[in-house]
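Undergrad: Sharing a structure with you now.
The values are calculated or read from the model by the stated rules, or taken from the named source; none is laboratory data. Keep in mind it's a predicted model, so treat the numbers as computed, not measured. Heads up, the Cβs are rebuilt from the backbone with ideal geometry, glycines too, and the neighbour counts pull from every protein chain shown.
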Amino acid sequence: MNNKTVSAKRAFELMEKLGYERVSCTEEEKRAAEELKQEAASFGLDCTIEEFEVEAGAVKKAVFKVVEPYEQEYEITGFIRSASTPENGVDLDFVYAENALEANLVGVEGKAILINGRFTLDAYERIQKAKPAAIITFSGTLIDELDKTDLDIRKIREIYTERHGENVLVNMRAFDALDIVKRGAKKVHIELVSEQQTGISRNVCGEIRGTEYPDEIVSFGAHFDSVYFSTGVYDNMSGSVIIMELARYFMANPPKRTLKFNWYGSEEQGLLGSKAYVKAHEEELKNHRLMINVDVAAPILGKELIFTMGTEQLKHYADTMMKELGRAAVVEDDTYSSDSIPFADNGVPAINFCRFGAPGTAFIHDRYDNLKYGYMSAEALDITLQNALEFSKRVINAPVFPIERKISDSMKEKVDKYLCKKKD
């Protein structure tokens, strides 16, 4: 059989069907997992749903007021898994701490501090050492319109609180942050009720047994969860439907090597689905030769990129193959913030296929990641689908597996840095 076994049109229709908000641990994420399983079953691939626990939470109340030298309430969201204030809130002196450098943090103990945008793990460590009583971040732009944008709902990752402790964390809009600094806010009132809990997320997992080298495994991955306010069709139902078509192809064209197809939940919460998978399948990983990941595809105006995580040999192999096939793609040897990371961390080389939108022509992590805005198409999705298919066919069916199972020292350093591993 030939490449007509795959259909970008069918994949795009599945993306439309699953184009709804699918946040980690919600009923919608569960529904999407069941629908992916059903789609795989429609062409004979039996999948199981593997559940895993996620540190989750819910914000029940979030109030922010400037009380001196003027009085005004501003819209905020509380961070999921933030610490809470006392029941009636707290009144705190206010400081704008800019980028939270050491000089910005002098004398902020017991105060509420506003910082620019987000904070990194290093910045959070500096902040916590300075002992403020609350941390305020902001999102969006100064020209956002209320009826066309949403105020980010953020979560504090476990690695931050495990290493450096909890704090009261809230987020506001950029133009409100400007307003309170411009008007010289001196004292603020914050009320935050944030409940911490454990939720259940899911991976959808299927296998096609190899005909000649069944003990050699190549796995495919894509995450199917989204963030708040987003239908997540670009990021990343597009990748999920692409590997569904690849699964369909290899069901019709039995592969020489064993294939694992994994649709991961909770990627947007810190690659939690793929981390849970490699932990649950630790013994099996020694047989994994390569992980193939697809994350973001289908913008009409865009460019193809391939990120390899192994050795220079993998990069050169992928680059040479694309050139031989006459397929335009930039190939880079670098980490990619997706579900390939946990595999590389466990010694399994990985390759990421993706299509980035041209500047200003695709949207991610907001309400505009939505098919109704018309910047995605089946034809554009097919470009990434065919790149991944041609690469996969050759690698999986090669008489001798052409990619060494090795992670270079430089790549290990990059992965360790990405995962914020402590140095000995």
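Undergrad: Just checking, which of A112, A103, A83 is without any contact (Cβ under 8 Å) to a residue 24 or more places away in the chain and hydrophobic (A, V, I, L, M, F, W, C)?
TA: A103
Undergrad: Within the range 68-123, which strands (runs of 3 or more DSSP E) (wholly inside it) include 1 or more residues that are at pLDDT 95 or above and in contact with a helix residue (DSSP H, G or I) (Cβ under 7 Å, 6 or more places away or on another chain)?
TA: 72-74, 90-96, 112-114
Undergrad: Does S42 qualify as being within 30 Å of E390 (Cα to Cα), of a type in the set (S, T, Y) and either surrounded by fewer than 15 Cβ atoms within 10 Å (Cβ to Cβ) or in contact with a Ser or Thr (Cβ under 7 Å, 6 or more places away or on another chain) (or both)?
TA: Judged against the criteria, S42 is a match.
Undergrad: Given the criterion more than 26 Å from V330 (Cα to Cα) and either surrounded by 24 or more Cβ atoms within 10 Å (Cβ to Cβ) or not assigned by TED's automatic domain parsing to the domain that holds I407 (or both), identify the matching residue among G221, G265, G210.
TA: Just one listed residue meets the conditions, G265.
Undergrad: Please determine whether any residue of the range 42-58 is free of Cβ contacts under 8 Å to residues at least 40 places away in the same chain and assigned by TED's automatic domain parsing to the domain that holds G221.
TA: Scanning the range 42-58 turns up at least one residue that is free of Cβ contacts under 8 Å to residues at least 40 places away in the same chain and assigned by TED's automatic domain parsing to the domain that holds G221.
Undergrad: In the range 379-411, what residues are under 28 Å from Y160 (Cβ atoms) and surrounded by 15 or more Cβ atoms within 10 Å (Cβ to Cβ)?
TA: Scanning the range 379-411 gives I407, M411.
Undergrad: When residues of the range 76-93 are filtered for being surrounded by fewer than 20 Cβ atoms within 10 Å (Cβ to Cβ) and either polar (S, T, N, Q) or over 26 Å from the mean Cα position of the chain (by Cα) (or both), how many remain?
TA: Number of matching residues: 8.
Undergrad: Turning to a different aspect of this structure: I'm trying to understand the selection: among the residues of the range 335-366, which are surrounded by 15 or more Cβ atoms within 10 Å (Cβ to Cβ), of a type in the set (A, V, I, L, M, F, W, C) and assigned to a loop (DSSP other than H, G, I, E, B)?
TA: Answer for the range 335-366, where residues must be surrounded by 15 or more Cβ atoms within 10 Å (Cβ to Cβ), of a type in the set (A, V, I, L, M, F, W, C) and assigned to a loop (DSSP other than H, G, I, E, B): V348, A362, F363, I364.
Undergrad: Which residue pairs have Cβ atoms closer than 9 Å, lie 6 or more positions apart in sequence or on different chains, and pair a first residue in the range 215-226 that is free of Cβ contacts under 8 Å to residues at least 24 places away in the same chain with a second residue that is surrounded by fewer than 24 Cβ atoms within 10 Å (Cβ to Cβ) and in a strand (DSSP E or B)?
TA: Close Cβ pairs (under 9 Å, with a partner that is surrounded by fewer than 24 Cβ atoms within 10 Å (Cβ to Cβ) and in a strand (DSSP E or B)) do not exist here.
Undergrad: Something else about it: Residue check, E332 against (1) more than 16 Å from the chain's Cα centre (by Cα); (2) under 22 Å from K414 (Cα atoms); (3) buried (at least 20 other Cβ atoms within 10 Å of the Cβ), all met but one. Which one?
TA: Unmet condition: (3).
Residue-by-condition table, conditions (1) on the phi < 0 side of the Ramachandran plot; (2) modelled with pLDDT of 95 or more; (3) of a type outside the set (K, R); (4) touching a strand residue (DSSP E or B) at 6+ places or on another chain (Cβ under 7 Å):
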| position | (1), (2), (3), (4) |
| --- | --- |
| L305 | yes, yes, yes, yes |
| M309 | yes, yes, yes, yes |
| K315 | yes, yes, no, yes |
| T320 | yes, yes, yes, no |
| V330 | yes, yes, yes, yes |
| T335 | yes, yes, yes, yes |
| S338 | yes, yes, yes, yes |
| F343 | yes, yes, yes, yes |
| I351 | yes, yes, yes, yes |
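Undergrad: Moving to a separate point now. Go through the range 198-244 residue by residue and tally those that are of a type in the set (F, W, Y) and in a strand (DSSP E or B).
TA: 2
Undergrad: Of the numbered conditions (1) part of a helix (DSSP H, G or I); (2) more than 24 Å from R327 (Cα to Cα), I407 satisfies every one except a single condition; which is it?
TA: Condition (1) is where I407 drops out.
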